[in-house]
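What follows draws every value from the coordinates through simple rules; no lab data is involved. Because the structure is a prediction, the values reported are computed rather than measured. No Cβ is skipped: glycine too gets one built from the backbone with ideal geometry, and neighbour counts run over all protein chains shown.
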Amino acid sequence: MSKKKILSLRLEIDSLDEKIVKLLNKRALAGKHIGGVKEARNAPIYSPGRENQVYSNIKSLNKGPLPFDALKPIYAEIMSACRNLEKPLKIAYLGPEFTFSHQAVLKKFGSSVETLAADSIPEVFLAVENGNADYGVVPIENSIEGAVNYTMDMFVNSEIVICAEEYCKIRQNLLSKETSLKNVRSVLSIPPVFGQCKGWLEKNLPHVRLKDTVSTAKAAEMVASMRHVACIASELAARRYKLNILARSIHDSSYNVTRFLVLGKKMHKSSGNDKTSILFSVQDKPGILHEMLSSFRHHNINLNRIESRPSKLEAWKYYFFIDIDGHVDDEKVKKALGALKNKCNFLKILGSYPKG
């Protein structure tokens with residue numbers, strides 16, 4: 001390609017950039033006007049249903065060559081910046097920085113938010129309850145290690161509701177100041193991560209000591225000043241603490257995904273493609289769980305997930321957590337939940353929110 005042709009194409013790109021900047025600012029002004037209307041109505045600035053609608057529109061409009069997976073994070077940042085003009089949001093998450101929870105915040109809300117790193121999952125709930133954060137982000141389950149019990153237990157007594165969900169691919173990497181695996185004598189991380197990487201560790205580092213830390217990011221911070229020690233953490237943590245990546249993607253399953261919940265104070269309206277999470281307890285008698293679930297089968301409602309947790313109030317008594325298709329305002333969901341309520345000791349709607 002000639003220099004003249006390259007110059008011509010660059011001039012075309014400059015012209016397109018000028019139009020894009022003008023259109024982005026025009027979009028931001030429209031969003032700011034909507035923010036004024038929301039404020040007058042005391043409506044939340046963040047609307048997960050509208051967010052999903054924007055992504056759906058972009059996906060249907062896209063004709064390439066950019067894939068939708070490349071456009072989605074661009075639009076996440078556009079919406080983040082526009083929301084920030086309406087009202088800055090503060091998001092609490094299970095910290096510290098550079099954990100996968102932190103990455104989930106950035107993926108869901110973009111970078112134009114203020115973040116609040118909490119030391120524990122209960123502190124995330126408390127930050128939202130006390131108004132110290134507008135929303136919170138916590139892990140609820142991993143495709144390899146299963147449910148996050150700390151999160152489920154918090155819903156029993158908390159008035160916080162689920163507003164949205166986000167699925168994040170987890171890529172575990174072995175990081176160190178060392179440059180070779182043969183120099184590693186111990187590995188730091190958190191127990192769930194060791195579980196995700198058990199097979200790889202047994203095969204490649206069978207004789208090293210595994211030491212628990214409070215988070216993957218804390219492990220990376222510690223390793224940055226240690227010899228003969230490695231950690232299992234994200235690539236983002238490697239960049240932050242200037243660590244060498246001795247091995248990439250060391251988790252045993254290629255499908256390693258963590259589901260995160262967005263916590264808030266108000267339940268949002270139906271988006272048309274929603275999920276509802278509920279919590280209930282039942283009497284201890286034969287066939288009772290089957291009887292409970294028959295309400296959903298009768299109304300042709302799909303169950304996505306069911307988990308049980310000890311009540312901690314009485315031995316061998318359990319709470320059941322269930323995710324179903326549909327919104328709490330849908331007629332058939334109302335009927336199914338009404339039938340369920342008549343049969344159980346305790347029923348709580350944890351939230352209706354767009355499917356991630």
Most exposed first, judged by fewest Cβ atoms within 10 angstrom, Val229, Val208, Val223, Val21 run Val21, Val208, Val229, Val223
Checking rank on 2-15, 160-173, with mean other Cβ inside 10 Å and highest first, the result is 160-173, 2-15
The residues Asp274, Asp323, sorted from fewest to most surrounding Cβ atoms within 10 Å, come out as Asp323, Asp274
Between the residues Ile13, Ser56, His33, the Cα farthest towards the positive end of the dipole of the range 1-59, that dipole coming from +1 and -1 charges on the beta-carbon of Lys, Arg, Asp and Glu, is from Ile13
Magnitude of the Cβ-charge dipole (Lys and Arg +1, Asp and Glu -1) of the chain about the Cα centre, nearest 20 debye, reported as 1000 debye
If Val282, Val214 are placed from fewest to most neighbouring beta carbons inside 10 Å, the sequence is Val214, Val282
Taking a straight Cα-to-Cα line shorter than 18 Å from Lys169, and setting aside same-chain aspartates and glutamates fewer than 8 residues away, one finds Asp69, Glu97, Glu141, Glu145, Glu235, Asp252
Output ordering of 344-353, 72-81 (per-residue mean of other Cβ within 10 Å, highest first) is 344-353, 72-81
Binned at 10 Å from zero, the C-alpha pair distances of the chain give percents of 5, 20, 26, 24, 17, 6, 1, 0, 0
For Lys275, the aspartates and glutamates lying under 15 Å Cα to Cα, once residues fewer than eight places off in the same chain are dropped, come out as Glu165, Glu166, Asp323, Asp325, Asp329, Asp330, Glu331
Expressed in angstrom, Rg and Dmax over the Cα atoms of the range 274-354 are 12.2, 37
By the C-alpha gyration tensor axes a ≥ b ≥ c (rounded if a/c is under 1.5, else prolate when a/b exceeds b/c, else oblate), the shape of the range 3-85 is oblate
Given pairs Lys269/Lys332; Lys317/Lys355; Lys26/Lys87; Lys26/Lys90 and cut-off 20 Å on Cα-Cα distance, the over-length ones are Lys317/Lys355; Lys26/Lys90
Listed by chain and number, the lysines with an alpha carbon less than 29 angstrom from that of Lys4, same-chain partners under 8 positions apart left out, are Lys19, Lys22, Lys63
Residues meeting the amide H criterion for Ala247 (H placed from the backbone, H to H distance under 5 Å, 5 or more places apart or on another chain) are Leu174
